[in-house]
1. What is the gain in length, in nm to one decimal, between L87 and R26 on full extension, counting 0.36 nm per residue of separation less the C-alpha to C-alpha distance?
2. Provide the net charge surrounding R26, with neighbours chosen by a C-beta distance below 14 Å and charges set as Lys +1, Arg +1, Asp -1, Glu -1.
Amino acid sequence: FGVQELKILQSDLLFEQSRCAVQAKRADSPGRLVPCGAAISWSAVPEQPLDVTANGFPQGTTKKTIGSLQARSQISKVELFRSFQKLLSRIARDKWPHSLRRPRWADHEVRKSRPSWPTW
């Protein structure tokens, strides 16, 4: 097991359809500029290199399937957390970082057993 360095890259290119560019073109036009809910996310994952979403859901998701597992984007908070849990399950508990070794439920049980009001 080894920790790999995380790389976050950002381009300095100004896209023709970016908010700044569109606002500059429409400076004298009346009306409100409304952003599009669609997004394309690229990743270096061979199984699914790009994720096309509309308003946070994979493109093509119907109202009927919104609550299902298939309606989750692979980069949603829940899916990233599930990937993290899967990764942890493959690593021996004694190899985990110290911040993850202490059971969180112990803190919860202690707080739950204490009265929430003063006992004087």
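1. 17.2 nm
2. Values: positive: R19, K25, R32; negative: E16, D28.
Summing Lys and Arg as +1 and Asp and Glu as -1 gives +1.
Throughout, read-outs are computed from the coordinates displayed, never taken from laboratory work. This structure is a prediction, so every number in the text was calculated from the model and none was measured. Heads up, the Cβs are rebuilt from the backbone with ideal geometry, glycines too, and the neighbour counts pull from every protein chain shown.
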